[in-house]
Amino acid sequence: MVMKTKGQIEEAISQTITEFERATFGKGPNKVRTILTDTLITVHVQFGLLPWEVVLLQRESGGEDLRSLKRKVIDVAIEQLQNSVEQQVQIQVECGFHDTSILQKERMYMFRLISKPHIAI
């Protein structure tokens, strides 16, 4: 096993999230930032809206409808995403969490690992 630096792990997870978002939503994020701290991985995603999403937002409950739809899509695929993260850190993900703010155009992913990853210095 080749040990990665903290920065290499964070970059690899950011790339994994970018690929996941592109495959899942048809559009990659504008910006992704991953922070690895001890046994917690936090990923901050900034995204743009597709034309159909902008139309949905114009409805009275459109923001909540869109947020709910995106949550359901991620809920279906979160296990696959956790497996991809595990491959990057070589440590089992104990649990994963996500939340989306449509108005802020931001999403957060958090993954708790069962132990600290081995990091090259």
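The values are calculated or read from the model by the stated rules, or taken from the named source; none is laboratory data. Computed from a prediction, not measured in an experiment: that's the story for all the values here. Neighbour counts are summed over all protein chains in view; Cβ atoms, including those assigned to glycine, are modelled from backbone coordinates with ideal geometry.
Please give the number of the condition Glu86 fails out of (1) surrounded by fewer than 16 Cβ atoms within 10 Å (Cβ to Cβ); (2) touching a strand residue (DSSP E or B) at 6+ places or on another chain (Cβ under 6 Å); (3) touching a residue at least 12 places away in the same chain (Cβ under 8 Å).
Exception for Glu86: condition (3).
When you check Gln104 against the structure, is it assigned to a loop (DSSP other than H, G, I, E, B), in contact with a strand residue (DSSP E or B) (Cβ under 9 Å, 6 or more places away or on another chain), modelled with pLDDT under 95 and polar (S, T, N, Q), yes or no?
Yes.
Scan the range 1-27 and report the pairs whose first residue is closer than 26 Å to Leu49 by Cβ and free of Cβ contacts under 8 Å to residues at least 12 places away in the same chain and whose second residue is surrounded by 14 or more Cβ atoms within 10 Å (Cβ to Cβ) and of a type outside the set (A, V, I, L, M), with Cβ atoms within less than 6 Å and a gap of 6+ or a chain change.
Arg22/Gly28
Pick from the range 27-75 the residues that are of a type in the set (Asp, Glu) and not in a helix (DSSP H, G or I): which of them is farthest from the chain's Cα centre (by Cα)?
So, considering only residues that are of a type in the set (Asp, Glu) and not in a helix (DSSP H, G or I), the one farthest from the chain's Cα centre (by Cα) is Glu60.
If Asp75 satisfies all but one of (1) at pLDDT 90 or above; (2) in contact with a helix residue (DSSP H, G or I) (Cβ under 7 Å, 6 or more places away or on another chain), what's the number of the condition it fails?
Result: Asp75 fails condition (2) only.
Kindly indicate the residue of the range 43-59 that is of a type outside the set (A, V, I, L, M), surrounded by 15 or more Cβ atoms within 10 Å (Cβ to Cβ) and in contact (Cβ under 8 Å) with a residue 60 or more places away in the chain and also nearest to Lys116 (Cα to Cα) among those meeting that condition.
Ranking the qualifying residues of the range 43-59, first place goes to His44.
From the list Phe97, Phe20, exactly one residue is part of a helix (DSSP H, G or I) and aromatic (Phe, Trp, Tyr). Which is it?
Result of the check over Phe97, Phe20: Phe20.
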